[in-house]
Amino acid sequence: MHVMHIIANNASVPYFNWIAESGGRYPGVKFSFVALYPEMPVMSEEMKGYGCDFYWIKFDQSRRKRGMVRSFFNLYALFRKIKPDVVHTHLFDDSLPAILAARVAGVRMRVIQKEDTGFHWNFKPLWVWADRFNNVNATHIVAISKESKRFILDKEKAPSSKVFMIHNGIDLKAIRLMDEESKNRLRKEFNPENKFLICTISRYIEWKGYRYIIDAVKNIVTINNNVKFLFVGYGGQEHELKELIEQYGLNDFIQLSGWIDRKVMPSLYGIMDLYLHAAYMEPFGFVLAEAMANGVPIVTTRTGVAADVLVHKESCYFVNTKDSASIAEGITWMSNHPEERMMMNGKTKRIADDSLGVDRMLDEYVGLYKRHHPAFNAPSA
């Protein structure tokens, strides 16, 4: 069985590296990879290093519509030549051309792993028709959380017979590879006064809830000034967030770091006192899974994987979406209950070990392919 994974707008995807590295665990299953990207991406060499076939199709996100049309024809030609058994996509920009091309080329199993569920519905409603069009052309639609599954069924109107749920997985070993040198450097850079450090790691975009965090901080520091908030990310909302921080006089309490090298992320989790997630929709939430894997106490909205596996005041503190007062209450409760925070450390680690490892995820996907591909389930003569 040949499974071809496709992704757009990413030069390197740790998730693809995990698949390539673990692919040898599945005799008879071959994984190959396609990137839609403006120039030859880093993953070209990464995949070759794992002995996997890799294909590059030029795609410029700034010329999205034209790029999708060209990608459709290039992907159609590739599928006709390679004849994969399964085409597996991840984001809208790869799914629209690839799933249609796969259908026209006669690929019998076409899987969309819905990593960006809800984006069009919330921010680009004129494109919702295209999400539904993808669902028509796919044979299998994978939701990566219960929230995502409900959305796909209720809002995108996908037939329930096509929709499956498989949580994303992470490389548990890699995300725990912290070292004291990196931790000390990060403390010096981001928390030299050794305050109670609260981190949020996500893009600076509206649906991640940063504005509500800033409003919460404004109230928190009136009763507790021994806190530091670190926003790790990038995105179009950065200027707005900086203006809000300046307006409220919170420069001593909130720092925007920009993106941090993936290699030191484990060490960053190692210096956090609390992980804060305020998104009002999250298809999955990789950073939540990473925080769990490192036993970081979590304050989060009921979204993505957190809503599926965590329990209020047992393994996290749940807060309301778009609610600064609720966020402030959750942070205050966590900071005032050190024993409960310590107990959460072990619980979240066990949850990650049991439910969120990459091997578990790959086992479920390979099981899906083998159970549902027509060629492997034809009736005996």
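Kindly express, to the nearest 10 degrees and within the range 0 to 90, the angle between helix 64-82's C-alpha long axis and the longest C-alpha principal axis of the chain.
Helix 64-82 and the main axis of the chain meet at about 50 degrees.
Evaluate the relative contact order of the chain (contact order divided by residue number), counting alpha-carbon pairs under 8 angstrom at least 6 apart; express in whole percent.
14 percent
Here is the link list: LYS188/LYS228; LYS188/LYS208; LYS208/LYS242; LYS173/LYS263. Which ones come out longer than 18 Å on Cα distance?
LYS188/LYS208
Could you compute the FRET efficiency for GLN61 and ARG108, with r as their C-beta to C-beta distance and R0 at 35 Å, rounded to 0.05?
0.75
Report, in degrees rounded to the nearest 10, the 0 to 90 angle that the Cα long axis of helix 180-190 makes with the longest principal axis of the chain.
Its long axis makes an angle of about 70 degrees.
What shape does the stretch 87-198 have by the C-alpha gyration tensor, where a ≥ b ≥ c are the square roots of the eigenvalues, rounded means a/c under 1.5, and otherwise prolate means a/b greater than b/c and oblate the rest?
Taking the square roots of the gyration eigenvalues as a ≥ b ≥ c, the stretch 87-198 is prolate.
With angles folded into 0 to 90 degrees, how steeply does helix 92-105 sit against the dominant principal axis of the chain? Use alpha carbons for both and round to 10.
Between helix and principal axis, roughly 10 degrees.
Readers should treat all values here as calculations from the given coordinates under stated rules, not as data from a laboratory. Keep in mind that what you see is a predicted model, and the values were worked out from it rather than measured. All Cβ positions, glycine included, derive from the backbone under ideal geometry; neighbour counts span all protein chains shown.
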